[in-house]
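Asker: Okay, here's the structure, questions in a sec.
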Amino acid sequence: DAGVIQSPRHEVTEMGQEVTLRCKPISGHDYLFWYRQTMMRGLELLIYFNNNVPIDDSGMPEDRFSAKMPNASFSTLKIQPSEPRDSAVYFCASSLGYGELFFGEGSRLTVL
Amino acid sequence: AQSVTQLGSHVSVSEGALVLLRCNYSSSVPPYLFWYVQYPNQGLQLLLKYTSAATLVKGINGFEAEFKKSETSFHLTKPSAHMSDAAEYFCAVNPQGANSKLTFGKGITLSVRP
């Protein structure tokens, strides 16, 4: 299996621009997670889906962030408008349940 | 509610020395416990997991961890460190029977000196 695929791997943008991060989970996995990692705050869960339905979005920092999962093989995390404090590595992970997550390689976002 | 405590942020050992990374958990129900490793510029990958079977769990790359309910601990060990073990290590907890939401610790960076 190809594993969890994220794109882009690196994104540099200017404050105020829209950013869209993409994720393709492992086929057959019914849970999908979006995490954010920074030096200051560590690994934070932003949102997770089960069978394409958002279950818990309490970690989404504010209304500028939104996530969708239109089908079992694709998810997006959108930031609009972006701010410098959004600079981080964003990880997508998928799972069959009970905690064994498979992570993508991450999308490193820099907002200038 | 559940939580994980990883004391300290950095551990340094010599190559060939024992590796001991500490993790204490808090959970209102019997937990599933995990150790993940993150190499530079990569995502996290599972090292090992405890799911209420054997209390001593063996993982990849020679790592193992022991679940001690009385101490609410799940410390990670490796008898002999290798340079390639240098990475960040995360402990995580998930209540049994719950959904798949993991709670991660803050992570510990392991350095290995030649």
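Yes or no, residue by residue, for (1) surrounded by fewer than 20 Cβ atoms within 10 Å (Cβ to Cβ); (2) of a type in the set (S, T, N, Q); (3) out of contact with any strand residue (DSSP E or B) (no Cβ under 9 Å at 6 or more places or on another chain):
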| residue | (1), (2), (3) |
| --- | --- |
| B:E15 | yes, no, no |
| B:L20 | yes, no, no |
| B:Q45 | yes, yes, no |
| B:L48 | yes, no, no |
| B:K58 | yes, no, no |
| B:F63 | no, no, no |
| B:P79 | yes, no, no |
| B:A92 | no, no, no |
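Asker: So for segment A:11-25 (the condition being within 14 Å of chain B (Cβ to nearest Cβ) and open to solvent by 30 Å² or more (accessible area, probe 1.4 Å)), does at least one residue qualify?
Answerer: Yes, that holds for at least one residue.
Asker: Which of the residues belonging to segment A:48-107 are aromatic (F, W, Y) and under 23 Å from B:Y36 (Cβ atoms)?
Answerer: A:Y48, A:F49, A:Y90, A:F91, A:Y98, A:F102, A:F103
Asker: Would you pick out the residues in segment A:61-112 that are in a loop (DSSP other than H, G, I, E, B), more than 14 Å from every other protein chain (Cβ to nearest Cβ) and surrounded by fewer than 21 Cβ atoms within 10 Å (Cβ to Cβ)?
Answerer: Scanning segment A:61-112 gives A:P61, A:E62, A:D63, A:R64, A:A72, A:S73, A:Q80, A:P81, A:E83, A:S87, A:L112.
Asker: Which of the residues spanning segment A:1-10 are open to solvent by 30 Å² or more (accessible area, probe 1.4 Å) and hydrophobic (A, V, I, L, M, F, W, C)?
Answerer: Matches in segment A:1-10: A:A2, A:I5.
The values are calculated or read from the model by the stated rules, or taken from the named source; none is laboratory data. Please read all numbers here as calculations on a predicted model, not as lab measurements. For neighbour counting, all protein chains shown are included, and Cβ atoms are generated from backbone atoms with ideal geometry for every residue, glycine included. Side chains are part of the model used for accessible areas, which takes the heavy atoms of the whole protein and leaves out ligands, DNA and RNA. Shrake-Rupley method; radii C 1.70, N 1.55, O 1.52, S 1.80 Å.
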